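The values are calculated or read from the model by the stated rules, or taken from the named source; none is laboratory data. Given the structure is predicted, the values throughout are model-derived calculations rather than measurements. So basically every Cβ, Gly included, is an ideal-geometry build from the backbone, and we count neighbours across all protein chains shown. Quick note on the areas: whole protein, heavy atoms, side chains included, nothing else; ligands and nucleic acids left out. Shrake-Rupley method; radii C 1.70, N 1.55, O 1.52, S 1.80 Å.
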Amino acid sequence: MEHIEEKTLELYVLGYLENTEERADIEKHLNECKGCQASYQEIADYYTEVEDMHEQRLKTTPQALTVRRMVTRFQTFQETLSPRNIKPTLPARFMFFVLRHPAVSSVCFTAIVFASLILGTIDFKSKDTNPEYARAKDEFLVVYNKSGEELWRKHIGIGYGLENLRDQEPSLDPDEYLQTVDVDGDGKKEVIAIFGMLSKWQPKNVIYCYTSDGDERWTYRFNRQMIFGNNIFDDTYQFGKFLVGDFDRNGSFEIIAVIHHGGWYPTAITKVDATEGKLINEYWHCGSIHALTNRDLDNDGIEEIIATGQNNGFNLASVLVLDPRNFQGHSPAPEEYTPKDISIGTENFYLLINRTDLKKYASHPRNRARGLSFTSDTALIVCVTEEIDRTEYVLLYFFSPKLQCLMVDGEDKFATLHNKYVADGKLSKKLDEQYYEELRQGVQYWDGERFVAYPTKNKNYLNLTRQKTLP
(Lines give C-alpha, C1' and ligand atoms only; values in the text may rest on other atoms or scores of the structure.)
Protein backbone atom coordinates (compact mmCIF):
# COMPACT_ATOMS: atom_id res chain seq x y z
CA MET A 1 0.00 0.00 0.00
CA GLU A 2 1.48 3.33 -1.04
CA HIS A 3 1.40 6.05 1.60
CA ILE A 4 0.11 9.61 1.16
CA GLU A 5 2.86 12.17 0.60
CA GLU A 6 3.27 14.44 3.62
CA LYS A 7 2.77 17.61 1.56
CA THR A 8 -0.54 16.27 0.18
CA LEU A 9 -1.63 15.24 3.67
CA GLU A 10 -0.82 18.72 5.00
CA LEU A 11 -2.89 20.41 2.27
CA TYR A 12 -5.75 18.07 3.18
CA VAL A 13 -5.49 19.12 6.86
CA LEU A 14 -5.45 22.81 5.85
CA GLY A 15 -8.52 22.41 3.63
CA TYR A 16 -6.80 23.31 0.36
CA LEU A 17 -7.82 20.18 -1.55
CA GLU A 18 -10.99 21.21 -3.42
CA ASN A 19 -11.18 18.04 -5.50
CA THR A 20 -13.85 16.00 -3.70
CA GLU A 21 -12.72 12.69 -5.25
CA GLU A 22 -9.15 13.22 -4.07
CA ARG A 23 -10.38 14.07 -0.56
CA ALA A 24 -12.55 10.95 -0.55
CA ASP A 25 -9.58 8.78 -1.57
CA ILE A 26 -7.48 10.27 1.22
CA GLU A 27 -10.21 9.71 3.81
CA LYS A 28 -10.56 6.09 2.70
CA HIS A 29 -6.78 5.55 2.92
CA LEU A 30 -6.63 7.10 6.41
CA ASN A 31 -9.24 4.64 7.62
CA GLU A 32 -7.03 1.75 6.51
CA CYS A 33 -3.42 2.90 7.13
CA LYS A 34 -2.15 3.37 10.68
CA GLY A 35 1.09 4.94 9.47
CA CYS A 36 -0.70 7.71 7.58
CA GLN A 37 -3.13 8.11 10.48
CA ALA A 38 -0.14 8.88 12.71
CA SER A 39 1.24 11.41 10.21
CA TYR A 40 -2.21 13.03 9.83
CA GLN A 41 -2.59 13.37 13.60
CA GLU A 42 0.88 14.88 13.94
CA ILE A 43 0.12 17.56 11.31
CA ALA A 44 -3.35 18.26 12.73
CA ASP A 45 -1.97 18.63 16.26
CA TYR A 46 0.62 21.10 14.97
CA TYR A 47 -1.99 23.42 13.46
CA THR A 48 -4.33 23.03 16.43
CA GLU A 49 -1.53 24.19 18.70
CA VAL A 50 -0.86 27.23 16.48
CA GLU A 51 -4.58 28.12 16.38
CA ASP A 52 -4.90 27.84 20.18
CA MET A 53 -1.88 30.06 20.71
CA HIS A 54 -3.25 32.86 18.56
CA GLU A 55 -6.80 32.60 19.91
CA GLN A 56 -5.38 33.19 23.37
CA ARG A 57 -3.67 36.32 22.13
CA LEU A 58 -6.89 37.55 20.47
CA LYS A 59 -8.70 37.41 23.79
CA THR A 60 -6.42 40.17 25.03
CA THR A 61 -6.63 42.12 21.71
CA PRO A 62 -10.40 42.58 20.90
CA GLN A 63 -9.81 45.15 18.15
CA ALA A 64 -7.96 42.50 16.15
CA LEU A 65 -10.97 40.20 16.49
CA THR A 66 -13.19 42.93 15.02
CA VAL A 67 -10.86 43.34 12.06
CA ARG A 68 -10.73 39.56 11.54
CA ARG A 69 -14.54 39.39 11.12
CA MET A 70 -14.24 41.86 8.25
CA VAL A 71 -11.72 39.72 6.35
CA THR A 72 -12.98 37.19 3.75
CA ARG A 73 -11.59 33.68 4.24
CA PHE A 74 -8.91 32.88 1.60
CA GLN A 75 -10.23 30.22 -0.78
CA THR A 76 -8.31 30.49 -4.07
CA PHE A 77 -4.82 29.38 -3.15
CA GLN A 78 -4.93 26.51 -5.67
CA GLU A 79 -5.47 29.00 -8.50
CA THR A 80 -2.04 30.52 -7.99
CA LEU A 81 0.10 27.62 -6.72
CA SER A 82 0.05 23.89 -7.39
CA PRO A 83 -0.16 21.99 -4.04
CA ARG A 84 2.13 19.25 -5.32
CA ASN A 85 4.93 21.77 -5.85
CA ILE A 86 4.87 22.92 -2.22
CA LYS A 87 7.38 21.31 0.11
CA PRO A 88 6.00 21.26 3.68
CA THR A 89 8.85 23.14 5.32
CA LEU A 90 8.43 25.42 8.36
CA PRO A 91 8.41 28.60 6.18
CA ALA A 92 5.67 27.04 4.00
CA ARG A 93 3.58 26.27 7.07
CA PHE A 94 4.00 29.87 8.24
CA MET A 95 2.87 31.14 4.82
CA PHE A 96 -0.26 28.97 4.95
CA PHE A 97 -1.15 30.43 8.34
CA VAL A 98 -0.64 34.05 7.23
CA LEU A 99 -2.82 33.54 4.15
CA ARG A 100 -5.62 32.01 6.18
CA HIS A 101 -5.41 34.43 9.15
CA PRO A 102 -4.12 37.82 7.94
CA ALA A 103 -5.59 39.88 10.80
CA VAL A 104 -4.21 37.61 13.48
CA SER A 105 -0.86 37.54 11.72
CA SER A 106 -0.59 41.34 11.73
CA VAL A 107 -1.08 41.44 15.49
CA CYS A 108 1.31 38.54 16.03
CA PHE A 109 3.92 40.10 13.78
CA THR A 110 4.15 43.13 16.09
CA ALA A 111 4.53 40.83 19.06
CA ILE A 112 7.18 38.77 17.28
CA VAL A 113 9.22 41.87 16.38
CA PHE A 114 9.04 43.11 19.97
CA ALA A 115 9.99 39.68 21.33
CA SER A 116 12.88 39.35 18.91
CA LEU A 117 14.35 42.64 20.15
CA ILE A 118 14.32 41.27 23.69
CA LEU A 119 15.36 37.71 22.90
CA GLY A 120 18.06 38.83 20.50
CA THR A 121 20.30 39.54 23.45
CA ILE A 122 19.93 35.98 24.75
CA ASP A 123 22.28 33.28 23.45
CA PHE A 124 20.16 30.22 22.63
CA LYS A 125 21.83 27.02 21.53
CA SER A 126 20.39 25.74 18.27
CA LYS A 127 19.10 22.16 18.17
CA ASP A 128 21.71 19.57 17.26
CA THR A 129 20.61 18.24 13.84
CA ASN A 130 23.43 15.72 13.41
CA PRO A 131 22.21 12.09 13.56
CA GLU A 132 23.85 10.02 16.28
CA TYR A 133 21.87 6.79 16.12
CA ALA A 134 18.77 5.30 14.49
CA ARG A 135 16.22 2.73 15.56
CA ALA A 136 13.47 0.57 14.10
CA LYS A 137 10.41 1.57 16.11
CA ASP A 138 6.67 0.95 15.61
CA GLU A 139 6.97 0.59 11.80
CA PHE A 140 9.18 3.69 11.50
CA LEU A 141 12.87 4.32 10.96
CA VAL A 142 13.51 6.95 13.65
CA VAL A 143 16.72 9.03 13.78
CA TYR A 144 18.00 10.77 16.92
CA ASN A 145 20.77 13.22 17.83
CA LYS A 146 23.25 12.56 20.64
CA SER A 147 20.84 14.08 23.19
CA GLY A 148 18.19 11.53 22.27
CA GLU A 149 15.98 14.07 20.49
CA GLU A 150 14.14 12.81 17.43
CA LEU A 151 15.36 14.44 14.21
CA TRP A 152 13.21 12.72 11.58
CA ARG A 153 11.38 9.50 10.79
CA LYS A 154 10.32 7.44 7.78
CA HIS A 155 7.47 4.96 7.67
CA ILE A 156 8.81 1.52 6.70
CA GLY A 157 5.98 -0.92 7.40
CA ILE A 158 4.61 -3.84 9.37
CA GLY A 159 7.20 -5.74 11.42
CA TYR A 160 9.76 -2.93 11.46
CA GLY A 161 10.49 -2.65 15.15
CA LEU A 162 13.31 -3.84 17.39
CA GLU A 163 11.20 -6.40 19.24
CA ASN A 164 9.52 -7.68 16.06
CA LEU A 165 12.86 -8.22 14.35
CA ARG A 166 14.33 -9.98 17.38
CA ASP A 167 11.32 -12.27 17.48
CA GLN A 168 12.35 -13.40 13.99
CA GLU A 169 16.05 -13.68 14.86
CA PRO A 170 16.94 -13.33 18.59
CA SER A 171 20.65 -12.72 17.92
CA LEU A 172 19.99 -9.89 15.44
CA ASP A 173 21.97 -6.75 16.30
CA PRO A 174 20.45 -3.37 15.24
CA ASP A 175 23.85 -2.37 13.79
CA GLU A 176 23.54 -5.23 11.30
CA TYR A 177 20.67 -3.52 9.45
CA LEU A 178 20.83 0.16 10.50
CA GLN A 179 23.81 2.46 11.16
CA THR A 180 24.72 6.15 11.27
CA VAL A 181 28.17 7.14 9.96
CA ASP A 182 29.81 10.17 8.35
CA VAL A 183 30.62 8.60 5.00
CA ASP A 184 32.20 11.67 3.38
CA GLY A 185 33.91 13.44 6.28
CA ASP A 186 31.74 16.59 6.20
CA GLY A 187 30.87 16.36 9.91
CA LYS A 188 27.29 15.22 9.28
CA LYS A 189 26.33 11.58 9.70
CA GLU A 190 24.43 9.67 7.05
CA VAL A 191 22.04 6.78 7.80
CA ILE A 192 22.69 3.40 6.11
CA ALA A 193 19.79 0.94 6.09
CA ILE A 194 18.60 -2.35 4.62
CA PHE A 195 15.08 -3.78 4.88
CA GLY A 196 15.54 -7.23 3.35
CA MET A 197 14.57 -8.94 6.60
CA LEU A 198 10.98 -7.65 6.32
CA SER A 199 8.60 -10.08 4.64
CA LYS A 200 6.36 -7.36 3.17
CA TRP A 201 9.07 -4.90 2.15
CA GLN A 202 10.02 -4.48 -1.50
CA PRO A 203 12.62 -4.28 -2.87
CA LYS A 204 14.77 -6.41 -0.57
CA ASN A 205 17.94 -6.20 -2.69
CA VAL A 206 18.72 -2.53 -2.00
CA ILE A 207 21.05 -0.65 0.36
CA TYR A 208 19.75 2.82 1.23
CA CYS A 209 21.84 5.85 2.25
CA TYR A 210 19.97 8.83 3.71
CA THR A 211 21.44 12.28 4.36
CA SER A 212 21.43 13.84 7.83
CA ASP A 213 18.16 15.58 6.84
CA GLY A 214 16.45 12.35 5.81
CA ASP A 215 16.71 12.80 2.03
CA GLU A 216 17.81 9.86 -0.08
CA ARG A 217 21.50 10.29 -0.94
CA TRP A 218 21.93 7.10 -2.96
CA THR A 219 20.70 3.53 -3.34
CA TYR A 220 22.61 0.44 -4.42
CA ARG A 221 20.57 -2.32 -6.05
CA PHE A 222 21.93 -5.87 -6.41
CA ASN A 223 20.74 -7.85 -9.45
CA ARG A 224 22.14 -11.22 -10.56
CA GLN A 225 21.09 -14.40 -12.32
CA MET A 226 23.58 -17.05 -11.23
CA ILE A 227 24.32 -20.60 -12.35
CA PHE A 228 25.91 -23.02 -9.87
CA GLY A 229 26.65 -26.34 -11.55
CA ASN A 230 23.40 -27.21 -13.32
CA ASN A 231 21.23 -25.08 -11.04
CA ILE A 232 19.95 -21.70 -12.25
CA PHE A 233 19.09 -19.12 -9.56
CA ASP A 234 16.74 -16.32 -10.54
CA ASP A 235 17.20 -12.69 -9.57
CA THR A 236 15.61 -12.95 -6.12
CA TYR A 237 18.06 -11.65 -3.52
CA GLN A 238 17.79 -9.90 -0.18
CA PHE A 239 20.32 -8.10 2.00
CA GLY A 240 20.60 -9.61 5.48
CA LYS A 241 23.35 -7.74 7.36
CA PHE A 242 26.20 -5.31 6.80
CA LEU A 243 29.26 -3.58 8.26
CA VAL A 244 30.40 0.03 7.65
CA GLY A 245 33.95 1.29 8.15
CA ASP A 246 37.34 2.21 6.76
CA PHE A 247 38.53 -1.39 6.96
CA ASP A 248 41.65 -0.95 4.81
CA ARG A 249 42.60 2.41 6.40
CA ASN A 250 42.68 4.27 3.08
CA GLY A 251 40.52 7.17 4.24
CA SER A 252 37.34 5.98 2.50
CA PHE A 253 34.37 4.22 4.06
CA GLU A 254 33.02 0.99 2.60
CA ILE A 255 29.96 -1.14 3.25
CA ILE A 256 30.51 -4.89 3.52
CA ALA A 257 27.08 -6.47 3.05
CA VAL A 258 25.75 -10.03 2.93
CA ILE A 259 23.07 -10.73 0.35
CA HIS A 260 21.52 -14.16 -0.11
CA HIS A 261 19.14 -15.79 -2.53
CA GLY A 262 15.57 -16.26 -1.38
CA GLY A 263 16.33 -19.85 -0.38
CA TRP A 264 19.46 -18.80 1.58
CA TYR A 265 21.75 -20.28 -1.07
CA PRO A 266 23.81 -19.00 -2.77
CA THR A 267 25.19 -16.00 -0.85
CA ALA A 268 27.38 -13.08 -1.88
CA ILE A 269 29.51 -10.79 0.27
CA THR A 270 29.67 -7.39 -1.42
CA LYS A 271 31.90 -4.35 -0.94
CA VAL A 272 30.19 -1.06 -1.79
CA ASP A 273 31.63 2.46 -1.75
CA ALA A 274 29.79 4.28 1.05
CA THR A 275 30.15 7.74 -0.50
CA GLU A 276 28.52 7.03 -3.86
CA GLY A 277 26.93 3.59 -3.48
CA LYS A 278 28.98 1.86 -6.19
CA LEU A 279 29.99 -1.82 -6.14
CA ILE A 280 33.73 -2.44 -5.64
CA ASN A 281 34.05 -6.23 -5.09
CA GLU A 282 31.94 -9.32 -4.53
CA TYR A 283 32.65 -12.83 -3.27
CA TRP A 284 30.35 -15.84 -3.74
CA HIS A 285 29.74 -18.51 -1.11
CA CYS A 286 28.03 -21.84 -1.88
CA GLY A 287 25.92 -21.78 1.25
CA SER A 288 24.64 -19.41 3.92
CA ILE A 289 26.40 -16.73 5.95
CA HIS A 290 25.10 -16.48 9.53
CA ALA A 291 27.54 -14.07 11.21
CA LEU A 292 29.74 -11.23 9.97
CA THR A 293 32.30 -9.05 11.76
CA ASN A 294 35.64 -7.29 11.30
CA ARG A 295 38.89 -7.45 13.31
CA ASP A 296 42.58 -6.75 12.72
CA LEU A 297 43.75 -10.30 13.40
CA ASP A 298 47.47 -9.84 12.62
CA ASN A 299 47.99 -6.22 13.81
CA ASP A 300 48.92 -4.95 10.35
CA GLY A 301 46.42 -2.08 10.39
CA ILE A 302 43.97 -3.86 8.08
CA GLU A 303 40.67 -5.08 9.54
CA GLU A 304 39.91 -8.49 8.10
CA ILE A 305 36.32 -9.47 7.34
CA ILE A 306 35.34 -12.65 9.20
CA ALA A 307 32.22 -14.67 8.41
CA THR A 308 30.70 -17.94 9.59
CA GLY A 309 28.09 -20.11 7.94
CA GLN A 310 27.69 -23.41 6.15
CA ASN A 311 29.03 -24.85 2.91
CA ASN A 312 26.22 -26.66 1.09
CA GLY A 313 28.66 -28.40 -1.28
CA PHE A 314 30.46 -30.18 1.55
CA ASN A 315 27.52 -30.16 4.02
CA LEU A 316 29.74 -28.71 6.75
CA ALA A 317 29.99 -25.59 8.89
CA SER A 318 32.43 -23.02 7.49
CA VAL A 319 34.57 -20.09 8.63
CA LEU A 320 36.19 -17.64 6.22
CA VAL A 321 38.47 -14.61 6.46
CA LEU A 322 38.67 -12.00 3.69
CA ASP A 323 41.11 -9.15 3.08
CA PRO A 324 38.92 -6.01 2.59
CA ARG A 325 41.35 -4.64 -0.02
CA ASN A 326 40.68 -7.37 -2.56
CA PHE A 327 38.27 -10.22 -2.03
CA GLN A 328 36.75 -11.88 -5.05
CA GLY A 329 35.89 -15.23 -6.65
CA HIS A 330 34.01 -18.09 -5.00
CA SER A 331 34.37 -20.39 -2.03
CA PRO A 332 35.76 -23.94 -2.28
CA ALA A 333 33.06 -26.23 -3.66
CA PRO A 334 32.46 -29.46 -5.59
CA GLU A 335 31.77 -28.96 -9.30
CA GLU A 336 27.99 -29.07 -8.94
CA TYR A 337 28.19 -26.17 -6.43
CA THR A 338 30.69 -24.06 -8.38
CA PRO A 339 29.36 -20.82 -9.96
CA LYS A 340 29.74 -20.43 -13.71
CA ASP A 341 32.27 -17.87 -14.97
CA ILE A 342 33.48 -16.98 -11.46
CA SER A 343 37.17 -17.54 -10.58
CA ILE A 344 38.40 -19.38 -7.51
CA GLY A 345 38.33 -17.28 -4.35
CA THR A 346 41.10 -15.25 -2.71
CA GLU A 347 40.21 -15.79 0.96
CA ASN A 348 42.95 -15.39 3.58
CA PHE A 349 41.57 -18.47 5.29
CA TYR A 350 38.75 -20.89 4.59
CA LEU A 351 37.88 -23.60 7.16
CA LEU A 352 35.46 -26.51 7.32
CA ILE A 353 34.37 -27.96 10.68
CA ASN A 354 33.49 -31.65 10.88
CA ARG A 355 30.25 -32.95 12.32
CA THR A 356 29.84 -34.72 15.64
CA ASP A 357 28.45 -38.21 16.17
CA LEU A 358 25.07 -36.58 16.84
CA LYS A 359 24.67 -36.13 13.08
CA LYS A 360 22.97 -39.56 12.75
CA TYR A 361 20.03 -38.13 14.73
CA ALA A 362 20.15 -34.59 13.31
CA SER A 363 17.12 -33.01 11.63
CA HIS A 364 19.28 -30.74 9.46
CA PRO A 365 21.57 -32.07 6.67
CA ARG A 366 24.60 -30.13 7.89
CA ASN A 367 26.07 -28.49 10.98
CA ARG A 368 26.21 -24.69 10.99
CA ALA A 369 28.67 -22.06 12.25
CA ARG A 370 26.35 -19.54 13.88
CA GLY A 371 27.77 -17.09 16.42
CA LEU A 372 31.08 -15.24 16.29
CA SER A 373 32.86 -13.48 19.16
CA PHE A 374 36.27 -12.68 20.60
CA THR A 375 38.02 -13.13 23.93
CA SER A 376 40.02 -10.29 25.51
CA ASP A 377 43.22 -11.50 23.80
CA THR A 378 41.51 -11.54 20.35
CA ALA A 379 41.08 -15.32 20.31
CA LEU A 380 38.15 -16.11 18.01
CA ILE A 381 35.20 -18.13 19.33
CA VAL A 382 32.94 -19.81 16.78
CA CYS A 383 29.59 -21.25 17.82
CA VAL A 384 28.80 -24.46 15.86
CA THR A 385 25.43 -26.18 16.10
CA GLU A 386 23.86 -29.56 15.44
CA GLU A 387 20.07 -29.40 15.07
CA ILE A 388 17.93 -32.22 16.50
CA ASP A 389 14.13 -31.99 16.62
CA ARG A 390 14.28 -28.25 15.85
CA THR A 391 16.60 -27.63 18.80
CA GLU A 392 20.21 -26.52 18.30
CA TYR A 393 22.99 -28.06 20.42
CA VAL A 394 26.12 -25.94 20.62
CA LEU A 395 29.86 -26.58 20.47
CA LEU A 396 32.39 -23.77 20.96
CA TYR A 397 35.55 -23.71 18.80
CA PHE A 398 38.40 -21.47 20.01
CA PHE A 399 40.87 -20.16 17.40
CA SER A 400 44.07 -18.12 17.65
CA PRO A 401 44.42 -14.93 15.52
CA LYS A 402 46.25 -17.16 13.00
CA LEU A 403 43.20 -19.43 12.87
CA GLN A 404 44.82 -22.37 14.65
CA CYS A 405 42.14 -24.29 16.53
CA LEU A 406 43.14 -24.21 20.20
CA MET A 407 40.33 -26.18 21.84
CA VAL A 408 36.74 -27.35 21.55
CA ASP A 409 34.14 -27.43 24.29
CA GLY A 410 30.44 -28.31 24.45
CA GLU A 411 27.73 -26.26 26.11
CA ASP A 412 25.75 -27.89 28.92
CA LYS A 413 22.76 -28.73 26.74
CA PHE A 414 25.01 -30.49 24.24
CA ALA A 415 26.76 -32.44 27.00
CA THR A 416 23.47 -33.45 28.63
CA LEU A 417 22.01 -34.78 25.38
CA HIS A 418 25.21 -36.58 24.37
CA ASN A 419 25.54 -38.27 27.76
CA LYS A 420 21.89 -39.34 27.61
CA TYR A 421 22.40 -40.88 24.16
CA VAL A 422 25.44 -42.77 25.46
CA ALA A 423 23.45 -44.03 28.44
CA ASP A 424 20.62 -45.11 26.13
CA GLY A 425 23.03 -46.98 23.88
CA LYS A 426 22.46 -44.63 20.90
CA LEU A 427 26.09 -43.44 20.91
CA SER A 428 29.31 -45.24 21.79
CA LYS A 429 31.87 -42.43 22.26
CA LYS A 430 32.11 -40.96 25.74
CA LEU A 431 32.18 -37.17 26.08
CA ASP A 432 35.72 -36.73 27.41
CA GLU A 433 38.93 -34.86 26.55
CA GLN A 434 39.71 -37.31 23.76
CA TYR A 435 36.30 -36.67 22.18
CA TYR A 436 36.88 -32.90 22.02
CA GLU A 437 40.49 -33.37 20.87
CA GLU A 438 39.33 -35.39 17.86
CA LEU A 439 36.93 -32.57 16.94
CA ARG A 440 39.75 -30.03 17.26
CA GLN A 441 42.00 -32.07 14.99
CA GLY A 442 39.16 -32.50 12.50
CA VAL A 443 39.14 -28.83 11.42
CA GLN A 444 40.11 -28.61 7.72
CA TYR A 445 41.96 -25.71 6.03
CA TRP A 446 41.76 -24.76 2.34
CA ASP A 447 45.23 -24.22 0.85
CA GLY A 448 43.94 -22.99 -2.51
CA GLU A 449 43.81 -26.43 -4.11
CA ARG A 450 42.63 -28.88 -1.44
CA PHE A 451 41.71 -29.16 2.25
CA VAL A 452 44.49 -30.04 4.70
CA ALA A 453 44.56 -30.85 8.42
CA TYR A 454 46.92 -28.03 9.50
CA PRO A 455 46.45 -24.23 9.64
CA THR A 456 47.40 -22.54 6.37
CA LYS A 457 46.47 -19.57 4.24
CA ASN A 458 44.99 -19.78 0.77
CA LYS A 459 47.75 -19.91 -1.91
CA ASN A 460 45.70 -17.66 -4.16
CA TYR A 461 45.72 -14.97 -1.51
CA LEU A 462 49.44 -15.40 -0.85
CA ASN A 463 50.10 -14.93 -4.57
CA LEU A 464 48.32 -11.57 -4.43
CA THR A 465 50.56 -10.40 -1.60
CA ARG A 466 53.74 -11.63 -3.31
CA GLN A 467 52.81 -9.91 -6.55
CA LYS A 468 52.01 -6.76 -4.55
CA THR A 469 48.65 -6.47 -6.27
CA LEU A 470 46.94 -5.47 -3.02
CA PRO A 471 46.60 -1.71 -2.42
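Key figures for this structure:
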item: Residues located in region 318-331, provided they are open to solvent by less than 10 Å² (accessible area, probe 1.4 Å) and either out of contact with any Leu (no Cβ under 8 Å at 6 or more places or on another chain) or at positive phi (or both); result: 322, 324, 327, 329
item: One residue from 175, 184 being farther than 29 Å from residue 330 by Cβ and modelled with pLDDT under 95; result: 184
item: Subset of region 356-378 [farther than 16 Å from residue 401 by Cβ and either assigned to a helix (DSSP H, G or I) or free of Cβ contacts under 8 Å to residues at least 40 places away in the same chain (or both)]; result: 357, 358, 359, 360, 361, 362, 363, 364
item: Conditions (1) open to solvent by 40 Å² or more (accessible area, probe 1.4 Å); (2) within 27 Å of the chain's Cα centre (by Cα); (3) modelled with pLDDT of 95 or more: number failed by residue 367; result: (1)
item: Which numbered condition residue 428 fails, given (1) surrounded by fewer than 13 Cβ atoms within 10 Å (Cβ to Cβ); (2) closer than 19 Å to residue 316 by Cβ; (3) of a type outside the set (D, E, K, R); result: (2)
item: Filter result (under 20 Å from residue 311 (Cα atoms), in contact with a helix residue (DSSP H, G or I) (Cβ under 7 Å, 6 or more places away or on another chain) and open to solvent by 50 Å² or more (accessible area, probe 1.4 Å)) within region 373-408; result: none
item: Residue within region 212-229 that is in contact (Cβ under 8 Å) with a residue 12 or more places away in the chain, in contact with a helix residue (DSSP H, G or I) (Cβ under 8 Å, 6 or more places away or on another chain) and in a strand (DSSP E or B) present; result: yes
item: Count of region 384-440 residues which are more than 15 Å from residue 353 (Cα to Cα) and in a loop (DSSP other than H, G, I, E, B); result: 15
item: Every residue from region 155-187 that is charged (D, E, K, R), under 19 Å from residue 207 (Cα atoms) and either out of contact with any Phe, Trp or Tyr (no Cβ under 8 Å at 6 or more places or on another chain) or surrounded by fewer than 19 Cβ atoms within 10 Å (Cβ to Cβ) (or both); result: 173, 175, 182, 184
item: Total residues in region 430-463, condition at negative phi and in contact with a helix residue (DSSP H, G or I) (Cβ under 8 Å, 6 or more places away or on another chain); result: 5
item: Residue within region 336-359 that is at positive phi and open to solvent by less than 30 Å² (accessible area, probe 1.4 Å) present; result: no
item: Identity of the residue in region 10-28, at pLDDT 75 or above and in contact with a helix residue (DSSP H, G or I) (Cβ under 6 Å, 6 or more places away or on another chain), that ends up surrounded by the most Cβ atoms within 10 Å (Cβ to Cβ); result: 10
item: Total residues in region 158-186, condition within 15 Å of the chain's Cα centre (by Cα) and on the phi > 0 side of the Ramachandran plot; result: 1
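The rows are residues; the columns are (1) among the charged types (D, E, K, R); (2) buried (at least 23 other Cβ atoms within 10 Å of the Cβ).
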position: 267; (1), (2): no, yes
position: 275; (1), (2): no, no
position: 282; (1), (2): yes, no
position: 291; (1), (2): no, no
position: 296; (1), (2): yes, no
position: 307; (1), (2): no, yes
position: 310; (1), (2): no, yes
position: 316; (1), (2): no, no
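Results for (1) of a type in the set (Asp, Glu); (2) closer than 16 Å to residue 267 by Cβ, shown as yes or no for each residue.
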position: 320; (1), (2): no, yes
position: 327; (1), (2): no, yes
position: 334; (1), (2): no, no
position: 342; (1), (2): no, yes
position: 347; (1), (2): yes, yes
position: 357; (1), (2): yes, no
position: 363; (1), (2): no, no
position: 379; (1), (2): no, no
